[in-house]
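The values are calculated or read from the model by the stated rules, or taken from the named source; none is laboratory data. Being a predicted model, the structure only gives us computed values, none of them experimental. Please note: Cβ atoms are built from the backbone with ideal geometry, for glycine as well, and neighbour counts cover all protein chains shown.
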Amino acid sequence: MTEAAVQTFELTRRFGPVTAVDRLDLAIGRGEIFGLLGPNGAGKTTTLSMLATLLPPTSGSAVVAGHDISTGKDAVRRAIGLVFQDPSTDEELTAWENMDFHGRLYGVPRAKRWKRIPELLDMVELGDRTRHRVKTFSGGMKRRLEIARGFLHHPKVLFLDEPTTGLDPQTRRRIWDHILEINRSRSLTILLTTHSMEEADALCSRIAIMDHGSVIAMGTPAELKDDLGGDVVSITVADGTDPVESIFDDKPWVRTVRSRDGQVDLTVRGGEDHIPQILRLLESAGIEARSLTLKKPTLEDVFIHHTGRGIRDSEADTVERMRQRRRAFSR
């Protein structure tokens, strides 16, 4: 990995008895799109808030763009762009006025601001809405404006907190395209939080999966999925068929075999390549395959593998824990 743009050392944040982030160690390379993936309540936004100097850590430390988040707060803030999960533009101002105000706050000289603002608005397809008030924008347009605004002062690291939450699928994909273009064209380091498996898979070069404040798995999307052992080939066999596990016993490309209720699930490396062999083995054994499907592992499968539950189930658990804590504090 290249020199770290963001690095944390046992970064921890507690709220009373609750540990929101627990001894987090990360090293994010320059020019990388790195994702914190996990359910609501996993500690992703708390991590981002500490790195952006909005929230002090309880213990541990972190360095962002070469500056310590505790002793160099002003330098960190000058070096980062931040797009909040909740809308933060002034809806009574125009797109240009929002951008210009942001540039002045960061001390960008007027000549540079006025040259850069139209370039960035064109980049996010808002060039024709420059003088329109933001209150007339759709949700996707507001999000694109916020991303352009966060990049106005040439940050070294851009933080995106749930960048496409609440947007329709088509708008989400357009924003993904803009994020990828910003990263590719300017080698900008981007750290984003998301609970969307699809978003993490589409955008991130590496991912840290978080749950209950800790990282439970980290790697590229491909590495995380490959660690599960390969593709899943599911075969439905005729009723009354004898167990078929034994015919795959000596096959090195079969990692696991599970059989239940007339269905056989094989975990296979390079599933597409081995389907013809699987069918020949079944035929040789006199076993009728009524259907066969191939499923590629997903990041949801990775999360389930490490936690025993899906992200939605985990979010429901988080809500229930919060209710229990509120009841306990109110007594």
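How many of the residues making up segment 39-62 are among the hydrophobic types (A, V, I, L, M, F, W, C), surrounded by 19 or more Cβ atoms within 10 Å (Cβ to Cβ) and not in a helix (DSSP H, G or I)? Residues that pass the stated criteria total 3.
Each residue in segment 126-140 was checked for being surrounded by fewer than 18 Cβ atoms within 10 Å (Cβ to Cβ) and touching a helix residue (DSSP H, G or I) at 6+ places or on another chain (Cβ under 7 Å), and 4 of them qualify. Applying the set (1) touching a Pro at 6+ places or on another chain (Cβ under 6 Å); (2) modelled with pLDDT of 85 or more to ILE287 leaves exactly one unmet item: (1). Of all the criteria given as (1) closer than 15 Å to PRO155 by Cα; (2) surrounded by fewer than 18 Cβ atoms within 10 Å (Cβ to Cβ); (3) touching a Lys or Arg at 6+ places or on another chain (Cβ under 6 Å), the one not satisfied by GLY107 is (3).
Return yes when ALA65 is within 26 Å of the chain's Cα centre (by Cα), within 30 Å of SER214 (Cα to Cα), crowded, with 20+ Cβ neighbours inside 10 Å and of a type in the set (Gly, Ala, Ser) and no when it is not. Against the criterion (within 26 Å of the chain's Cα centre (by Cα), within 30 Å of SER214 (Cα to Cα), crowded, with 20+ Cβ neighbours inside 10 Å and of a type in the set (Gly, Ala, Ser)), ALA65 does not qualify.
In segment 128-143, which residues are closer than 17 Å to GLY103 by Cβ and within 29 Å of the chain's Cα centre (by Cα)? If the condition is that a residue be closer than 17 Å to GLY103 by Cβ and within 29 Å of the chain's Cα centre (by Cα), then VAL134 is the only one that fits. Among the conditions (1) part of a loop (DSSP other than H, G, I, E, B); (2) more than 30 Å from the chain's Cα centre (by Cα), GLU125 misses just one, which is (2).
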